[in-house]
Amino acid sequence: MDISVVIPLYNEAESLPELHAWIDRVMTENNFSYEIIFVDDGSTDHSWQIIEELKKKSPCIHGIRFRRNYGKSPGLHCGFQKVQGDVVITMDADLQDSPDEIPELYRMIKEDGFDLVSGWKKKRYDPLSKTLPTKLFNATARRISGIKLHDFNCGLKSYKKEVVKNIEIYNDMHRYIPYLAKNAGFAKIGEKEVQHQARKYGKTKFGVNRFFNGYLDLMTLWFTSRFGKKPMHFFGILGSLMFLVGFIALVVVLSMKFASIVSGDLRPLVANSPYFYIALTAMIIGTQLFLAGFLGELIARNSSIRNNYIIESEI
């Protein structure tokens with residue numbers, strides 16, 4: 001099979017028939033063998049009924065239905081587990097992503113050899129309150145991940161099947177699939193400028209809080225990619241530095257006390273010096289950080305995925 005299209009959705013009943021007809025036309029014109037996997041993320045409208053009706057008309061359609069709303073990342077994760085096509089395309093169900101982009105996205109994977117190609121909606125039909133935070137978010141993601149993409153969160157992407165089979169998308173990590181792919185060893189990541197269309201039906205399902213959550217998820221992903229299997233390298237070093245600061249402060253306190261004893265002045269108390277509290281606090285925090293790293297190492301060494309490495313080939 002040439003292409004698998006994974007479409008997570010939530011309350012998009014009005015757009016589904018039009019989206020399916022559009023995808024089917026593009027696939028037929030280009031002689032692609034394909035499947036469409038709709039992932040209904042606990043819709044409260046009649047989206048699932050529409051998917052069932054489309055399935056009766058077209059055997060290439062598959063559907064997954066969640067009992068409740070879990071989010072886009074679980075939808076993509078479950079969809080990726082089912083795909084069979086050599087190239088996997090993801091897109092949103094709101095008709096803002098154009099299926100006419102599929103042939104070029106497919107070509108960039110098969111002929112240009114990219115592992116992943118991300119869409120870039122250079123011209124967006126969104127309000128300023130959405131576009132400005134998006135630019136800031138993408139600039140931060142570029143800086144931390146080292147991947148030069150303009151639009152990390154674009155739903156329209158194409159992948160080699162090996163990519164989606166070797167990454168795990170959880171929480172809200174769908175925003176950072178290129179970063180997940182890079183951490184898994186799929187470093188040939190491209191970008192294609194794609195058409196962005198104004199929403200035709202319904203309203204957006206994402207609020208302002210996604211930008212705050214996205215920042216926290218990015219920090220989590222950066223930390224786990226750097227220190228997930230070696231937490232002592234982070235907590236141990238930081239704890240040792242804090243303990244060293246406390247030890248130096250303690251030396252200063254003892255030196256000052258010794259100097260006062262030599263001079264015959266016994267009145268200054270150790271507890272009167274600010275260095276005493278700096279030493280106490282720093283040494284306690286340093287010890288706690290070191291123990292956190294030690295416990296992290298114990299957990300990592302007993303994890304079932306501690307040696308979960310991707311083997312490209314064997315002979």
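The values are calculated or read from the model by the stated rules, or taken from the named source; none is laboratory data. Computed from a predicted structure; not experimentally measured. Neighbour counts are summed over all protein chains in view; Cβ atoms, including those assigned to glycine, are modelled from backbone coordinates with ideal geometry. With ligands, DNA and RNA removed, areas are computed over all heavy atoms of the protein, side chains included. Shrake-Rupley method; radii C 1.70, N 1.55, O 1.52, S 1.80 Å.
A few remarks follow.
- Long-range neighbours under 6 Å by Cβ, at least six apart or interchain, first residue in a helix (DSSP H, G or I) within the stretch 230-254, second open to solvent by less than 70 Å² (accessible area, probe 1.4 Å) and charged (D, E, K, R): MET232/GLU297
- Whichever residue in the stretch 174-211 is under 15 Å from the mean Cα position of the chain (by Cα) and at pLDDT below 85 and, among such residues, is farthest from MET91 (Cα to Cα): PHE211
- Test for SER47: is it among the polar types (S, T, N, Q), over 20 Å from HIS174 (Cβ atoms) and either modelled with pLDDT of 95 or more or in contact with a strand residue (DSSP E or B) (Cβ under 6 Å, 6 or more places away or on another chain) (or both): no
- Residue within the stretch 81-89 that is among the charged types (D, E, K, R) and touching a Leu at 6+ places or on another chain (Cβ under 8 Å) present: no
- Matching option when the condition is of a type in the set (Lys, Arg) and touching an Asp or Glu at 6+ places or on another chain (Cβ under 8 Å), among LYS257, LYS230: LYS230
- Checking the stated criteria, SER158 turns out not to satisfy the condition of being touching a helix residue (DSSP H, G or I) at 6+ places or on another chain (Cβ under 6 Å), buried (at least 20 other Cβ atoms within 10 Å of the Cβ) and more than 25 Å from VAL83 (Cα to Cα).
- Subset of the stretch 42-53 (residues that are crowded, with 16+ Cβ neighbours inside 10 Å, under 15 Å from SER15 (Cα atoms) and of a type outside the set (S, T, N, Q)): TRP48, ILE50, ILE51
- When residues of the stretch 218-256 are limited to those that are within 18 Å of THR287 (Cα to Cα) and of a type in the set (Phe, Trp, Tyr), the one most open to solvent (accessible area, probe 1.4 Å): PHE247
Residue-by-condition table, conditions (1) open to solvent by less than 20 Å² (accessible area, probe 1.4 Å); (2) within 19 Å of SER118 (Cα to Cα):
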| site | (1), (2) |
| --- | --- |
| ILE23 | yes, yes |
| PHE32 | no, no |
| VAL39 | yes, no |
| PRO59 | no, no |
| GLY79 | yes, yes |
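- Flag for GLY63 being assigned to a loop (DSSP other than H, G, I, E, B) and either out of contact with any helix residue (DSSP H, G or I) (no Cβ under 6 Å at 6 or more places or on another chain) or open to solvent by 10 Å² or more (accessible area, probe 1.4 Å) (or both): no
- LEU254, sole failed condition from (1) at pLDDT 85 or above; (2) over 27 Å from the mean Cα position of the chain (by Cα); (3) of a type outside the set (Asp, Glu): (1)
- Residues of the stretch 1-56 that are aliphatic (A, V, I, L, M) and outside any helix (DSSP H, G or I): MET1, ILE3, VAL5, VAL6, ILE7, LEU9, ALA13, ILE36, ILE37, VAL39.
- Tallying residues that are more than 21 Å from SER240 (Cα to Cα) and open to solvent by 100 Å² or more (accessible area, probe 1.4 Å) within the stretch 257-293 yields 6.
- Positions within the stretch 20-54 being of a type in the set (D, E, K, R) and under 15 Å from CYS78 (Cβ atoms), in sequence order: GLU35, ASP40, ASP41
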